[in-house]
Amino acid sequence: MAKVTVNPGICGFKTVINVVADENQSVNVSIESDCAAVKAMEAELKGLDGYTEVLGKFGTSKISETATKLCRHAACPVPSGIFKGVEVACSLALPAPVSMDISNE
């Protein structure tokens, strides 16, 4: 299992993503969030092929399709967090911190 905590910035809707993969790399994503749009993504992210999701061409996955349909903000970092969680759950990447620091310099 992989757990990803996303602190998305100004909206303040902290999100916790849990990704579980079985031996066939079939993944299920569960999402805890106060953002209704992000929470709604959870229902569509069950039984995904983890390899197809993270090794396919950018923008062609079920995760991308679901984010395009349900996320209200194109810059939402939660879909990226879901991808990273799938990578770790499927042993395609090691868990490591990811960050963005944004300023008005």
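Bear in mind that the values in this text are calculations on the coordinates, not laboratory data. What you are looking at is a predicted structure, and each value in this text was computed from that prediction instead of being measured. All Cβ positions, glycine included, derive from the backbone under ideal geometry; neighbour counts span all protein chains shown.
Numbers at a glance
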quantity	calculated
Shape category assigned to the chain from the gyration tensor of Cα positions, a/c cut at 1.5	prolate
J(HN,Hα) series, region 37-45, from Karplus relation 6.51 cos²θ - 1.76 cosθ + 1.60, nearest Hz, glycine and proline x	5, 5, 4, 5, 5, 3, 4, 9, 10
Exposure proxy ranking, count of Cβ atoms within 10 Å, fewest first, for D49, D101	D101, D49
On Cα atoms only, tilt of 78-89 relative to the major axis of the chain in degrees	30 degrees
Estimated inter-spin distance, K46 and S99, nm [label 7 Å along Cα→Cβ]	3.7 nm
K39 versus H73: modelled label distance in nm, points set 7 Å from Cα along the beta carbon direction	1.6 nm
Percent RCO, i.e. relative contact order, over region 2-89, from Cα pairs under 8 Å lying at least 6 residues apart	33 percent
Dipole of region 8-105, positive end: most advanced residue of L48, G85, N104 [Cβ charges, Cα centre]	N104
